[in-house]
Amino acid sequence: MGSSDAGPRTEHRMSDEAMNSVFTRIPRQRGITIIEIMVTLAIAAVLIGLALPAFNGFVAQRALTAQVNDFMVAIQYARSEAGRRGTNVGVRAVDASAAANEWGPGWCVILVPNPAAPPACPNDGTELRDFPALGSNTLNGLNAYDGVSALVFNPRGLMVAPTVAGTFDLCNPREHVGREVSLNTIGRVASRQPPVAQLDCAP
């Protein structure tokens with residue numbers, strides 16, 4: 001005697017109302033509107049506008065630090081070479097014709113047979129070292145160094161031209177804070193960042 005199904009097969013089908021209820025409960029993903037994008041861009045523009053001057057000032061100060069270090073390296077290198085070679089060696093301005101920016105066009109380290117008449121930077125490869133121009137920045141000799149276009153050292157490392165101590169001011173005309181380089185007669189060179197009350201490069 002064969003077995004038969006226990007009963008009729010029943011199919012369960014979800015009604016349209018139930019389907020709609022399920023889809024209603026699924027959260028819809030929402031995109032970014034034009035207004036939200038515009039507000040975000042406006043906020044970003046304000047933040048960039050606030051940060052940009054500070055960043056530009058940071059870059060300008062880094063450039064001043066690099067340039068003042070180059071000038072001090074040139075002086076120290078000239079003293080060292082004078083002792084090593086047993087002859088006078090000098091740091092010479094490329095073009096000292098600008099009264100308030102004698103050293104801005106750059107400088108070189110050269111042999112100086114006669115300290116009273118140091119030769120110009122030859123620009124022919126015979127100079128010991130070359131240093132580039134400072135761009136829009138200025139390097140100016142003050143007081144006893146005003147108009148001085150060469151710093152000459154003898155084999156003992158002493159400065160023989162000029163024979164007095166003095167200072168230089170390094171400035172960026174768009175920044176208030178500058179650098180000061182001081183040099184004494186025994187060839188010691190130092191730099192500092194004076195307060196704006198003493199040196200204002202953009203009065």
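The values are calculated or read from the model by the stated rules, or taken from the named source; none is laboratory data. Not measured: the values here are computed from a predicted model. No Cβ is skipped: glycine too gets one built from the backbone with ideal geometry, and neighbour counts run over all protein chains shown.
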Among the numbered conditions (1) under 16 Å from S182 (Cα atoms); (2) of a type outside the set (K, R); (3) under 19 Å from the mean Cα position of the chain (by Cα), tell me where V91 comes up short.
(3)
Can you tell me which condition L158 does not meet? The list is (1) more than 26 Å from the chain's Cα centre (by Cα); (2) on the phi > 0 side of the Ramachandran plot, and all the others hold.
(2)
Among the residues of segment 25-34, is any at pLDDT 65 or above, part of a helix (DSSP H, G or I) and not polar (S, T, N, Q)?
yes
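Quick one: which strands (runs of 3 or more DSSP E) sit completely within segment 153-194 and have at least 1 residues that are closer than 20 Å to N69 by Cβ and among the aromatic types (F, W, Y)?
Where strands (runs of 3 or more DSSP E) fall fully within segment 153-194 and carry at least 1 residues being closer than 20 Å to N69 by Cβ and among the aromatic types (F, W, Y), they are 166-171.
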Among L170, L134, the single one that is among the aliphatic types (A, V, I, L, M), surrounded by 16 or more Cβ atoms within 10 Å (Cβ to Cβ), out of contact with any strand residue (DSSP E or B) (no Cβ under 6 Å at 6 or more places or on another chain) and under 25 Å from F58 (Cα atoms) is L134
In a strand (DSSP E or B) and aliphatic (A, V, I, L, M) - does that describe any residue in segment 122-141?
yes
Restricting the search to segment 69-87, which residues are surrounded by fewer than 21 Cβ atoms within 10 Å (Cβ to Cβ), assigned to a helix (DSSP H, G or I) and not acidic (D, E)?
N69, M72, V73, Q76, Y77, S80, G83, R84, R85
Within segment 193-202, can one find any residue that is under 22 Å from R79 (Cα atoms) and not charged (D, E, K, R)?
no
Selection within segment 99-131 - touching a residue at least 40 places away in the same chain (Cβ under 8 Å) and within 14 Å of L170 (Cβ to Cβ)
A100, E102, W103, F131
Going by the conditions given, is E102 of a type outside the set (V, I, T) and either modelled with pLDDT under 95 or buried (at least 21 other Cβ atoms within 10 Å of the Cβ) (or both)?
yes
